[in-house]
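Worksheet: the structure to be examined is printed underneath.
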Amino acid sequence: MEKKFVAAADPAVRYMGRIDRTDPEAPKIVFAGTSVTLRFVGTEISAVICNHRFYNKMELGLLVDGLESKVCFDTDRQRFTLPLASGLEDKEHEVTLFKRQDATHYFDFYGFELNGEAEVLPALPGSDRRMEFYGDSVTAGAVVEAVENVASNDPDDTQGVYDNAYHSYAMITARNLGAEINNVAQGGIAIFDGTGYYHMPETIGMETAYNKVCYFPEECGYTDWDFSQYTPQVVVFAVGQNDQHREGGDPDINDPAYRKSWKERYKEMIRDLRGHYPKACFIMLLTVLMHDPTWDKALDEIVAELRAEGEDNISHLTFKRCGKATPGHPRLPEQYEMASELTAYISRLGDGIWQV
């Protein structure tokens, strides 16, 4: 049966997220929550991709006319056609394919494939509200769907099947506020290289990844992000949960020398981001996943020190159950709890923050 191919570079394809567009015919979809959307009149749709798996089972999120599901596959490192939906009513549809997981994999996106008689519709404009999040596994939506483990440890060996960035507090908040989002979140990441859990044993920190779009040294190397492609009005920085881990001896945030160096590297990244986003509102936070409250106090100090330098458009949100709600990853109820508080916090800042 004849098919209609809609190439990745076709203006009808709408993207959201930090994407490597070095090859416009095969952009790399890397970060959790990153999505591609197509509107069309037709009865079936597939995606043409090449997946690069590192670990875990492979699943992509799917929205068909707003109804969420997922597609599973095991084809790796070769171009293939992934069926998304068939037997649709021959009318207008909107389909979004999104990345549920973080660096368990990335994929090259070549385009969509439709039934031959399908009509491709123009992409709808994106929102003029834009957010950017920097975070770890909580912000990436890790293990969020393990709802039987609310307020408990994670189930054993989940293979990523409970990960779903769409239901992270970051993505929920963006939807609540009608905003686009770049979700620069990676499970296990800390501020410093050599700390945290991402890419063990030679761990990669946010200090390396925050200004990248690809950060997989064994596969696609490091690709710098062009900050001019996207200017958010609200930036949320949520890193610090994993920073107490380092192979060979855990850092102590109560040690004055380490605390000073940790805060300074954190501030250097905020200063750099401020250079790219001079009018954005910055919000620092840690999540409801259990942690030592000393890290929250360190965030208070960072905000105070940056304000003393003249940075006044920055604040620290402390969730009501910050660091107290669960020893395992926040599940759906806890993610929505955080999103509700963050949505209210940003809303109280007024609509003016979106006008810059």
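Among the residues in region 245-263, are any out of contact with any strand residue (DSSP E or B) (no Cβ under 9 Å at 6 or more places or on another chain), assigned to a loop (DSSP other than H, G, I, E, B), surrounded by 21 or more Cβ atoms within 10 Å (Cβ to Cβ) and assigned by TED's automatic domain parsing to the domain that holds Cys322? The answer is no; no qualifying residue exists. Only residues that are buried (at least 18 other Cβ atoms within 10 Å of the Cβ) and free of Cβ contacts under 8 Å to residues at least 40 places away in the same chain were counted across region 109-128, and they come to 0.
Residues Gln244, Gln335: which one is under 30 Å from Glu145 (Cα atoms) and at pLDDT below 95? Even if it seems obvious, please write down each step before you answer.
Details: Gln335 fails: at pLDDT below 95.
None of the others qualify; the one that does is Gln244.
Within region 52-71, the set of residues being farther than 16 Å from Asp163 by Cα and free of Cβ contacts under 8 Å to residues at least 12 places away in the same chain comprises just one member, Leu67.
Pick from Thr343, Thr287: which is of a type in the set (S, T, N, Q) and either assigned to a loop (DSSP other than H, G, I, E, B) or modelled with pLDDT under 95 (or both)?
Values: Thr343 fails: either assigned to a loop (DSSP other than H, G, I, E, B) or modelled with pLDDT under 95 (or both).
Checking each option against the conditions leaves just Thr287.
For Gln159, the conditions (1) modelled with pLDDT of 95 or more; (2) within 18 Å of the chain's Cα centre (by Cα); (3) not basic (Lys, Arg) all hold with the exception of (2).
Does Ser228 satisfy the condition of being at pLDDT 95 or above, over 19 Å from Gly33 (Cβ atoms) and surrounded by 13 or more Cβ atoms within 10 Å (Cβ to Cβ)? Before you say what the answer is, go through the steps one by one.
Numbers: at pLDDT 95 or above: yes; over 19 Å from Gly33 (Cβ atoms): yes; surrounded by 13 or more Cβ atoms within 10 Å (Cβ to Cβ): no.
Answer is no for this residue.
Please give the helices (runs of 4 or more DSSP H) falling wholly within region 128-223 in which 1 or more residues are small (Gly, Ala, Ser) and farther than 19 Å from Val234 by Cβ. Can you show your working first?
Values: elements: 137-140, 169-176, 206-209.
Those helices (runs of 4 or more DSSP H) span 137-140, 206-209.
Among the residues of region 338-356, just one is acidic (Asp, Glu) and more than 16 Å from Gly135 (Cβ to Cβ), namely Asp351.
Going through region 254-274 one residue at a time, which ones are of a type in the set (S, T, N, Q) and at pLDDT below 95? If you could, list the steps in order and put the result at the bottom.
Quick first cut of region 254-274, residues of a type in the set (S, T, N, Q) only: 254, 261.
Asn254, the sole residue that qualifies.
Scanning region 96-108 for residues that are in a strand (DSSP E or B) and either surrounded by fewer than 22 Cβ atoms within 10 Å (Cβ to Cβ) or of a type in the set (D, E, K, R) (or both) turns up Thr96, Lys99, Asp108.
Any chance you could count how many residues in region 1-45 are part of a strand (DSSP E or B) and among the aliphatic types (A, V, I, L, M)?
First pass over region 1-45, keeping only residues part of a strand (DSSP E or B): 3-7, 14-16, 19-20, 28-29, 35-42, 45.
Among the residues that remain, those that are also among the aliphatic types (A, V, I, L, M) are: 6-7, 16, 19, 29, 36, 38, 41, 45.
Result for region 1-45: 9.
When we screen Tyr222, Tyr210 for residues that are out of contact with any Asp or Glu (no Cβ under 7 Å at 6 or more places or on another chain) and either closer than 21 Å to Met131 by Cβ or not assigned by TED's automatic domain parsing to the domain that holds Thr326 (or both), the only hit is Tyr210.
Among the residues of region 287-298, at least one is among the polar types (S, T, N, Q) and either within 29 Å of Gln335 (Cβ to Cβ) or in contact with a Cys (Cβ under 9 Å, 6 or more places away or on another chain) (or both).
The values are calculated or read from the model by the stated rules, or taken from the named source; none is laboratory data. Keep in mind it's a predicted model, so treat the numbers as computed, not measured. Here the Cβ is made from the backbone with ideal geometry for all residues, glycine too, and neighbour counts use every protein chain on show.
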